[in-house]
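Working notes, beginning with the structure itself.
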Number of protein chains: 2
Amino acid sequence: MTSYKYYFAGYPGIVNYILSSGNNFYFTCVDITVKGLEIVKKCDLIFLESYTSILGGCSHQELESFYGKEIIVSDRECVESGAERIIESAGEKNVAFLVVGDPFGATTHQDLFMRAMEKSVKVEVIHNTSIINAIASCGLWLYRFGEIISIPFWDGEWRPTSFFDRIVDNFERGLHTLCLLDIKPPRFMSVNVAAQQLLDIVQSRDSKDITSQTQCIAAVRVGTPSQRFLTCTLEQMKEVDMGGPLHSLVVIGKMNAVEEESLKCFCETS
Amino acid sequence: MTSYKYYFAGYPGIVNYILSSGNNFYFTCVDITVKGLEIVKKCDLIFLESYTSILGGCSHQELESFYGKEIIVSDRECVESGAERIIESAGEKNVAFLVVGDPFGATTHQDLFMRAMEKSVKVEVIHNTSIINAIASCGLWLYRFGEIISIPFWDGEWRPTSFFDRIVDNFERGLHTLCLLDIKPPRFMSVNVAAQQLLDIVQSRDSKDITSQTQCIAAVRVGTPSQRFLTCTLEQMKEVDMGGPLHSLVVIGKMNAVEEESLKCFCETS
């Protein structure tokens, strides 16, 4: 279950959604849609999910000031063990649950949704963008991406590598791979760490598909004013300085002529 | 180039984004973000791209009333041949370009972006949701999807089938396939037509991977109050009645236990 949270890695603060209901239960976050904002304003209780993501664009205080509402930061324990309480509140009050990322990008939230349904609390989702569509800003075409993967932080002897096979699968079919990078708030995985972990696997497997010279893209703080895209080899990616969170990495498959042109236009080179 | 527009198929009216610039050039649409709305309100010229999508949630008049601004509907000729004019306006005025779908889901818009850059018109993109992330509302996990495909309307002898190979590729790897369905406004492809075209290919190829019994999902008007998800076999999908635009189709690969549970919770059965 925990690996699923990587789905939020790479989602900047612009991303938001709402789960809401007739009697009433909501989800939302910053850079909210007009509809989302209206819902938040009529809510009695507003939770902000804080353990699978890093709020990108604003502070907790700025968010409270913008919404004109108190916001309850929900840590892992609150969301997982306290879910019953959140859902029960929604039987009596208007409740918003704010998340950075995709409504059903996390099993935790899918689970919350299902538990609410079991209690006959109708839930509404307000969608918003995520790195999964916003990544096209790097110049590559969305329909040239294969399966998305997540790269977890290695920890001592725990060095999972199964995501590498899926990158290779995509690569062999000429497809690009969006790699979502782990976050353990306030810690986030940089493209440097991701590249280093990939290079370690390349070396240990003597890989001929993905090598140190494979072209990739750093996609950083996408959707925020400080957004940056940079393309270089995996080897060079170890050393680039792309600044603060959140980072995502694209392993480029085979580009068509239009993508090559766009890449030159939209990405820096190292 | 034209096939690329299918990227918009399945995007409901909630989807929006903005291209904006210092001197000034913008993109946006309905169910806009708060940031997007602020930008539209300070724009002198607002274009609404109309030939790659069907505005889902509201009429042109409602949109004008909501924004408090006149909106210029941009047909294909206006966007493609008239792009120079749009970009030149952006040298002197604040210009918003509203699109249903993803900022760079269409080469046409990517091209507009690049042409603006060539003229030193800085362009800003405001992202929003799309079917590409909102599809997770059906209960399947986003990272269990493979390459996205587009199904074009067959026309007389013109019966392209190459997308089928990509569905099979995904299926053999256990991955789900999001099929974006063609639109030629005001005409849109229903899941019935999509299923029929797929079944024709299944039959002509004597396919053993994808068959008439393959499970799929109709995802209809996603993100709107009349959203529906229904799961059945490809054979049954020919006959279901899922109502008005826009429709998308998911060919299910291999589900894990959590996805199976979610599907039961989130999808109707036929």
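The values are calculated or read from the model by the stated rules, or taken from the named source; none is laboratory data. Not measured: the values here are computed from a predicted model. As a convention, Cβ positions derive from the backbone with ideal geometry for all residues, glycine included, and neighbour counts pool all protein chains shown. These area figures cover heavy atoms from the full protein model, side chains too; ligands, DNA and RNA do not enter into them. Shrake-Rupley method; radii C 1.70, N 1.55, O 1.52, S 1.80 Å.
Ordering A:PHE164, A:HIS176, A:GLN203 by Cα displacement along the dipole of segment A:132-269 toward the positive end leaves A:HIS176 in first place; charges were set at the Cβ atoms of Lys, Arg (+1) and Asp, Glu (-1).
Each of A:SER81 and B:LYS184 was given a label point 7 Å from its Cα along the Cα-to-Cβ line. The distance between the two points is 6.1 nm.
Accessible area ranking (1.4 Å probe, heavy atoms, ligands and nucleic acids excluded), largest first, for A:THR211, B:THR214: A:THR211, B:THR214. Which shape class applies to segment A:132-269: rounded if a/c is under 1.5, otherwise prolate when a/b exceeds b/c and oblate if not, where a ≥ b ≥ c are the square roots of the Cα gyration tensor eigenvalues? It comes out oblate by the Cα gyration axes. B:SER226 label point (Cα plus 7 Å toward Cβ) to equivalent points in the other copies: 4.5 nm, shortest first. Accessible area per residue was computed with a 1.4 Å probe on protein heavy atoms; B:LYS42 scores about 120 Å². Using the Cβ-Cβ distance between A:THR211 and B:ASP165 with R0 set to 22 Å, the FRET efficiency from 1/(1 + (r/R0)^6) comes to roughly 0.20.
Using heavy-atom solvent-accessible surface (probe 1.4 Å) with all chains present, what is the largest-first order of A:GLU147, B:GLU261? Could you put the intermediate results ahead of the total?
On the way: A:GLU147 10, B:GLU261 100 Å².
Descending order: B:GLU261, A:GLU147.
Rounded to the nearest 5, the antiparallel percentage of DSSP beta bridges internal to segment A:104-229 is 55%.
Shielding of peptide A:144-152 by partners, expressed as the average count of other chain Cβ atoms within 10 Å per residue Cβ, is 4. Think of each Lys and Arg Cβ as +1 and each Asp and Glu Cβ as -1; about the Cα centre, that makes the dipole of segment B:132-269 roughly 280 debye.
Estimate for me the total accessible surface buried between chains B and A (protein heavy atoms, probe 1.4 Å, no ligands or nucleic acids), in Å² to the nearest 100. Heavy-atom accessible area buried at this interface is about 4100 Å².
Between segment A:129-165 and segment A:218-242, what's the alpha-carbon centroid distance in Å? So the two Cα centres are separated by 14 Å. Going by accessible surface with a 1.4 Å probe and the largest first, A:PHE97, B:PHE66, B:PHE171 read B:PHE66, B:PHE171, A:PHE97.
Between A:LEU175 and A:LYS254, the built amide H atoms are under 5 Å apart, and every one of these is 5 or more places off in sequence or on another chain. Annotation: amide H of B:ILE126 within the under-5 Å range of B:ILE18, B:LEU19, B:SER20, B:PHE27, sequence separation 5 or more or interchain, hydrogens built in the peptide plane. In this entry, segment B:94-209 is assigned a mean projected area of 10.0 nm², taken as a quarter of its C-alpha convex hull surface. With the label put 7 angstrom out from Cα along the Cα-to-Cβ vector, A:VAL34 ends up 1.4 nm from the copy partners, going from closest to farthest. Between A:VAL191, A:CYS232, A:GLN213, the Cα set farthest toward the positive side of the dipole of segment A:183-267 (charges on each charged residue's Cβ, about the Cα centre) is that of A:VAL191.
Towards the positive end of the charge dipole of segment A:57-184, with charges on Cβ (+1 Lys, Arg; -1 Asp, Glu), say which of A:PRO152, A:ILE131, A:LEU63 has the farthest Cα. It is A:ILE131, whose Cα lies furthest towards the positive end. Using a probe of 1.4 angstrom, how much of the accessible area of segment A:155-251 is carbon and sulfur, in percent? Carbon plus sulfur share of accessible area: 48 percent.
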